[in-house]
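Here the structure is laid out as structure tokens; the discussion comes afterwards.
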């Protein structure tokens, strides 16, 4: 699919726009694993799906208008978009597993997470595509034209209903002070749903959160 480095970069740029990759940085691992930062030595993946309207609304409030914001918050109305696919330990997670980063691979998602997958760059981004294809977005969230107040449990239940085999122990809803932020879904290396206690414990504890409408709503 990608015949040279230049065309690979163009292909990744298209992927970034298509999935609206937010490319945000996370907190440091909460616990060190004995395999810390060894490429390919991890237990499972977390697929993080960001609610794009919340990201765009928060970016406007902060006055942020970087390339990622422009790509995701331009004319096209996005719903859930891929934030990332992150290798995880049962406790904590690896990051930046290749130092210095491979020449030319300047994208944060690859530098921080992809280098820990044990995959080459093309294989890693293809795995992101495959992981996203596994998850069906609940129909009620595909064309949200007005603000919607929901509970985190409602969002979880909608995803569980839309995705046979997904259990409550394999999904976590994240939020900020008032808005839905992300849905995080745990998968094994074969991209099958699996339980993840630590990720589940970090879920939003608010009783109600708001889903801002998609652009144009």
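The values are calculated or read from the model by the stated rules, or taken from the named source; none is laboratory data. Note that the coordinates shown come from a computational prediction; the quantities given were computed from them, not determined experimentally. Heads up, the Cβs are rebuilt from the backbone with ideal geometry, glycines too, and the neighbour counts pull from every protein chain shown.
Of the residues 118, 92, 84, the single one that is touching a strand residue (DSSP E or B) at 6+ places or on another chain (Cβ under 9 Å), surrounded by 14 or more Cβ atoms within 10 Å (Cβ to Cβ) and either over 18 Å from residue 173 (Cβ atoms) or at pLDDT below 90 (or both) is 118. Check whether at least one residue in the stretch 65-81 is more than 19 Å from residue 211 (Cβ to Cβ), surrounded by 21 or more Cβ atoms within 10 Å (Cβ to Cβ) and at pLDDT 95 or above, and report yes or no. Scanning the stretch 65-81 turns up no residue that is more than 19 Å from residue 211 (Cβ to Cβ), surrounded by 21 or more Cβ atoms within 10 Å (Cβ to Cβ) and at pLDDT 95 or above. A single entry from 194, 179 fulfils the requirement of being touching a residue at least 12 places away in the same chain (Cβ under 8 Å) and farther than 22 Å from residue 55 by Cα: 194.
Conditions (1) touching a helix residue (DSSP H, G or I) at 6+ places or on another chain (Cβ under 9 Å); (2) buried (at least 17 other Cβ atoms within 10 Å of the Cβ), marked per residue:
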{"residue": "160", "(1), (2)": "yes, yes"}
{"residue": "169", "(1), (2)": "yes, no"}
{"residue": "173", "(1), (2)": "yes, yes"}
{"residue": "177", "(1), (2)": "no, no"}
{"residue": "180", "(1), (2)": "yes, yes"}
{"residue": "187", "(1), (2)": "yes, yes"}
{"residue": "199", "(1), (2)": "yes, yes"}
